[in-house]
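Can you keep this structure in mind? I'll have questions shortly.
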Amino acid sequence: MPSDARAKSAASGDLLEQVMDVLRRYVSSTTASSAVVMARRRTSSASERLDRAQLREILPSIDRSLRLFMADPKRVDECIKALEVLSCSKAEGGPSSTIVAVKVEQDVVRVRNEARELAVALGFSLTGRTRLATAVSELARNIVQYAGEGEIELKAVIPSGLEVTARDRGPGILNLDEIMTGNYRSKLGMGLGLRGVKQLADAFEVNTGAGKGTTVTFVLRVQ
Ligand SMILES: Nc1ncnc2c1ncn2[C@@H]1O[C@H](COP(=O)(O)OP(=O)(O)OP(=O)(O)O)[C@@H](O)[C@H]1O
Ligand SMILES: [Mg+2]
């Protein structure tokens, strides 16, 4: 498919083309096509278009085909995971997001690992994964340090990236403007956490106030 046509199909959310894009990261185009064609023949999904339920149905068959072509089973798992992410869209009622409760330092590690795994599945580069892990850790650590407890939601925004929301019902941030302009000196850390996340992210928003807790949302494009 020419690249302008591919861009158009990605923009219109053509799932089959997104599946092919993921597969082509792991195997040749020819192998990718034959894995999909074979899987669709084995199941009932023979129509032109592919929907998410059909993708879930053909995943085991694609898995089997990939294991024939790829030597490293870990890479097959990674690829299947990426396809699983594609098969779960909120629009169609699938479990599109992961929520991790955050209370103690160990949870910071847990949520960072979850974010890394999702980033691999979405095709983030090593740099992208590191950025994401850093930003997620900052927000998780803020929850532990200042709010006591809260949660972080990781949501795949297909095909573009990942949306992260950190929520808590802690005391809120009363001097957000001062913090975001860089004039604030933190008692516990270097006071660069929130500003750092903003710099790393493609979109960033904080909703906070006394009595309503803090919600920080950021988006990172696949990079
Ligand atoms: N979830 C939160 N609830 C309440 N206050 C918060 C929360 N997150 C941040 N803050 C307040 O905002 C300040 C700035 O946070 P930021 O993460 O930018 O820096 P820091 O945590 O002080 O230091 P660093 O993250 O660089 O170690 C904190 O010192 C804290 O007072
Ligand atoms: Mg911090």
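Read-outs: derived from the displayed coordinates by stated rules, not from any lab. All figures in this text were calculated on a predicted structure; none of them were measured in a lab. Note that we place each Cβ from the backbone using ideal geometry, even for glycine, and neighbour counts take in every protein chain shown.
Eight or more residues apart or on different chains, and alpha-carbon atoms under 21 Å: count the Lys pairs in the chain matching that.
8
While we're on this one: From the square roots a ≥ b ≥ c of the eigenvalues of the alpha-carbon gyration tensor of the range 13-144, which class results: rounded (a/c under 1.5), prolate (a/b over b/c), or oblate?
prolate
Taking every DSSP beta bridge with both residues inside the range 97-221, roughly what % is antiparallel (nearest 5)?
If I count the DSSP bridges inside the range 97-221, around 100 percent turn out antiparallel.
Calculate the spin-label point distance for Asp51 paired with Ser34, positioning each point 7 Å from the Cα along the beta-carbon direction, and give it in nanometres.
3.1
If you split all Cα-Cα distances of the range 97-221 into 10 Å bins from zero, what percentages do you get per bin, shortest first?
Binned Cα distances yield the sequence 14, 49, 31, 6.
May I ask you to derive the relative contact order of the chain, considering only C-alpha pairs under 8 Å and at least 6 residues apart, and to give it as an integer percent?
16
Note the full-extension length gain between Ser125 and Thr43 as 0.36 nm times their separation in residues minus their Cα-Cα distance, in nm to one decimal.
Between Ser125 and Thr43, full extension yields 26.2 nm more.
Inverting the mean 1/r over all pairs of different Cα atoms, compute the Kirkwood radius of the chain and quote it in Å.
It works out to 19.0 Å.
Hey, another quick one. Would you mind checking which residues have amide H under 5 Å from Val222's amide H? H placed 1.01 Å from N; only 5 or more apart, or other chain.
For Val222, the qualifying residues are Gly161, Leu162.
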